[in-house]
1. Place the peptides 294-302, 222-230 in order of packing, highest mean first, counting for every residue the other Cβ atoms within 10 Å and averaging per peptide.
2. Can you tell me the relative contact order of the range 223-319? Whole percent, Cα pairs under 8 Å, sequence separation 6 or more.
3. Rank the residues Tyr133, Tyr360, Tyr167 as a footprinting-exposure proxy: fewest other Cβ atoms within 10 Å of their Cβ go first.
4. List, in the order given, every pair from Lys278/Lys361; Lys151/Lys278; Lys278/Lys301 whose Cα-Cα distance in the structure shown is over 32 Å.
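Each value in this text was obtained by applying a stated rule to the coordinates, not by laboratory testing. Keep in mind the model is a prediction, meaning the values are calculated, not measured. Cβ coordinates were reconstructed from backbone atoms using ideal geometry, including for glycine residues, and neighbour counts include every protein chain displayed.
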Amino acid sequence: MLSAACGAGKDVGAGPAVLGPPPKISAGYRESPRVLSGHRCLRLADGRVAVASVGRGGDQVILQASWTSSEPVLDYLCRREDVVLLFRDGRVALRSFDAHIGPERPYNDFTEGGVGFEAKGGTRLAEVVSRDYGLACVTGDGQVRCPRDMKAIYGELEAYGPIRTMYAQGRAALLADGRFVLGGPGRPEKQVLLDRVVRVSMADFGFNSLVGCLVRDDASVWCWGRNDFGQLGDGTRERRDMPVRVVGLPRVVDVATSGEHACAIDEQGDVWCWGRSKDGETGDAGKKATADVKVCPVDEKATQEARKWAEEHPPCEPSPKASSLVEAVDPNVPVRRPDDACARLQWNARRAGESVQPVYKRVPGCVMPDDVREGHPLPVRIDEVEDAVAVEASPRRTWAVRRDGVIVMWGADAKVGGGPRMQAFPVEKGAGASPSSR
């Protein structure tokens, strides 16, 4: 069990002393926690995988590892209810999150009498989903191996060349030659999105709705998909079906997207985020960037002129004749006329003027009030985190790993007392960092 510390100033620090031996969570393999559902999957210093949960005690956030794999793994797939493990000897195993005791069980195709699934030479796990079921497949050596034949899903991608690894339930792939290929309906001529790709992060919202970010070998970041929160980082909120370059970033070594916000690590170890910021997932800098949107000022002169014109030109005219159904006895009593819209709506010159909306000046860099939305479409630097080696973005939350092995989280997981606070968890230090397996 790890205690949390609220960061202040430039760095969140290592946190307070930990009572008892904490789980040895490290920055090994440059991997950060993978967040899904109520569980977080972490790689330990010795190569094993731990399933951790985030809890709260008083004014502290607590990270607790409830289970660890029996031996080191090459890769793991953290899903909604379980984790799939690829061991170094090629065995593939499954562990359910609600199974608190007992070893992992062999992974198979779940048919009656199914046998364990092995894939020697494989290096990565990827989930491939058909209309009826989803299976964990293994990629490596340019091959894709599944417990059942799933070529109907990823076959169109394999036609472009050997696959390094797959994404988006088998509908996207990074090829061995560095090209990133996206399949599915509606993309017969635009399946190759980008070449020279070295890192991939994708979020799948279903119904062929994907958001992705790619790092190329020139250290640039490119994103595509929906952009309602500015999560593509191109300075707009326009949807993009082809990748656009994220603006304002230095040279980047890794990127992660939740589909609503994204974060990247530059070559100096600084973290940059953009997109949705409501829960603090892009840090204090992101909240400030959202609040600092420049709204176009009101043109007082033009507004007054518009209101004066409206008062002098009412939208309707009263009928000159009284209703035949009502006898006008007292001249001081208003008589309703059958076609008198002004009387029916109690319209007058004053109300006509009040109905006019303010006129805004479109000065450079301003945003019209109706266009002010949550999130920020340009990257901002997270000042509280330095020397990061891995980052993971999930809906409403962000986790990072520093080179000294400290895990830092911000956003929904780090909220205490109703507000977001940067949380740090001291772990084993001195772990070597090698390229990410993502």
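1. On the way: 294-302: 12.7, 222-230: 21.4.
Put in order of decreasing packing, that is 222-230, 294-302.
2. Numbers: 129 pairs, mean separation 16.6, N = 97.
The value is 17 percent.
3. Working: Tyr133 11, Tyr360 18, Tyr167 21.
By the 10 Å Cβ count, ascending: Tyr133, Tyr360, Tyr167.
4. Numbers: Lys278/Lys361 28 Å; Lys151/Lys278 41 Å; Lys278/Lys301 36 Å.
Beyond 32 Å: Lys151/Lys278; Lys278/Lys301.
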